[in-house]
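All remarks here apply to the structure that follows.
The values are calculated or read from the model by the stated rules, or taken from the named source; none is laboratory data. Please read these numbers as outputs of a predicted model, since none were measured by experiment. Backbone-built Cβ (ideal geometry, glycine too); neighbour counts: all protein chains shown. Just so you know, the surface numbers come from the protein's heavy atoms only, side chains and all, with ligands and any DNA or RNA stripped out. Shrake-Rupley method; radii C 1.70, N 1.55, O 1.52, S 1.80 Å.
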Amino acid sequence: MISLEGVSSIRKTHDMLPIHSKPKPWNPSNAPNPPTFKKILPLKISNTWNENKEANESKAGRIKRLVLTNEGRTKLNTFPDREFYAYPRFVTHVDDGFIATLTDLYRKRLKPGSEILDLMSSWISHLPNEVVYKRVVGHGLNAQELARNSRMDYFFVKDLNQDQKLEIEDSSFDAVLCTVSVQYLQQPEKAFAEVFRVLRPGGVFIVSFSNRLFYEKAINAWRDGTAYSRVQLVLQYFQCIEGFTQPEVIRKLPSAGNSQDDKSPFSWFMKWLGLFSGSDPFYAVIAYKNFKPVYD
């Protein structure tokens, strides 16, 4: 297992780019010494209390059941996601109302000084500008978009549908975020288990989404679902992992007065695809690793 501090010195392997540090671009000539690895032998204590404790801890983070069928994981566009996201898209995929609600949620749930992993991210993370975090690490599929993100200290590129393993130490982050991207995960059970692993005890995982999507890249279970069924799907992703707290759902739906009056077939079809609407509905599903902290 490699610490994040040493990740920037790793050369490119397989389909994952090295984590980039914006203050110091990657250059082999000025790269720090590679990390050293120590083999630590576990100490075996043979008593019932410790054995029970170890058994319970070993269950934490395991996948209790699969949520999706094989058919539910399929996509209309079967080409690799890296090809679909090869060109940068410097756009926001949700409206200002959604972004304001999400930023306010982060303001309330993410403590200053936290270490944050922003999964499946892009050129903007929607974190509150006035809050200082210890470290923000970003992940996505387009290096140009991630390099533009001013809140990220580091980033790495990886296709989570090809390989869900994160080259990150256990218990490295206080929070993990996934914004308007959960609908593209084909192995959400494994991805959520990895999130559990890299979170510190009491760490929070915030998954937010709306009704917008790249239709051909969303999984079948999401495409064919309703707003209610999509929320239930994310709830099940959390519940299938041993150790997450009971998920909390936050909804903010557009009022009738904010909806557009255009009822033409074209408008209805575009709204159904999530390409535009009077106002984007906001959904967030939130859970914690092991327990929900109580702050003063």
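Can you report the number of residues in region 216-235 which are part of a helix (DSSP H, G or I), open to solvent by 10 Å² or more (accessible area, probe 1.4 Å) and touching a helix residue (DSSP H, G or I) at 6+ places or on another chain (Cβ under 9 Å)?
Matching residues across region 216-235 total 7.
Answer yes or no as to whether residue 213 is modelled with pLDDT under 95, in contact with a helix residue (DSSP H, G or I) (Cβ under 6 Å, 6 or more places away or on another chain) and not in a helix (DSSP H, G or I).
So residue 213 passes the test.
For the subset of region 104-130 comprising residues that are in contact with a Gly (Cβ under 9 Å, 6 or more places away or on another chain), among the aliphatic types (A, V, I, L, M) and over 13 Å from residue 153 (Cβ atoms), which member is modelled with the highest pLDDT?
Looking at the filtered set, the residue picked out is 119.
Just the residues that are charged (D, E, K, R), open to solvent by 10 Å² or more (accessible area, probe 1.4 Å) and closer than 26 Å to residue 166 by Cα, please, taken from region 108-122.
109, 111, 115
Determine, yes or no, whether residue 125 is in a loop (DSSP other than H, G, I, E, B), touching a strand residue (DSSP E or B) at 6+ places or on another chain (Cβ under 7 Å), open to solvent by less than 40 Å² (accessible area, probe 1.4 Å) and closer than 21 Å to residue 237 by Cα.
It is false that residue 125 is in a loop (DSSP other than H, G, I, E, B), touching a strand residue (DSSP E or B) at 6+ places or on another chain (Cβ under 7 Å), open to solvent by less than 40 Å² (accessible area, probe 1.4 Å) and closer than 21 Å to residue 237 by Cα.
Just to be sure before I move on: is residue 138 at pLDDT 95 or above, closer than 24 Å to residue 197 by Cβ and either touching a strand residue (DSSP E or B) at 6+ places or on another chain (Cβ under 6 Å) or buried (at least 21 other Cβ atoms within 10 Å of the Cβ) (or both) in the structure I sent?
yes
Of the conditions (1) touching a residue at least 24 places away in the same chain (Cβ under 8 Å); (2) within 27 Å of residue 243 (Cβ to Cβ); (3) in contact with a Gly (Cβ under 9 Å, 6 or more places away or on another chain); (4) outside any strand (DSSP E or B), residue 133 fails just one. Which one is it?
For residue 133, the exception is condition (1).
Quick one: is residue 157 surrounded by 16 or more Cβ atoms within 10 Å (Cβ to Cβ), under 23 Å from residue 202 (Cβ atoms) and hydrophobic (A, V, I, L, M, F, W, C)?
no
For region 202-215, does any single residue satisfy the condition of being open to solvent by 10 Å² or more (accessible area, probe 1.4 Å), of a type in the set (A, V, I, L, M, F, W, C) and within 15 Å of the chain's Cα centre (by Cα)?
no
Say we look at region 160-201 and pick out the residues that are under 25 Å from residue 226 (Cα atoms) and among the polar types (S, T, N, Q); which of these is surrounded by the most Cβ atoms within 10 Å (Cβ to Cβ)?
Among them, the one singled out is 179.
Could you please let me know if residue 249 is open to solvent by less than 60 Å² (accessible area, probe 1.4 Å), at pLDDT 95 or above and outside any helix (DSSP H, G or I)?
Judged against the criteria, residue 249 is a match.
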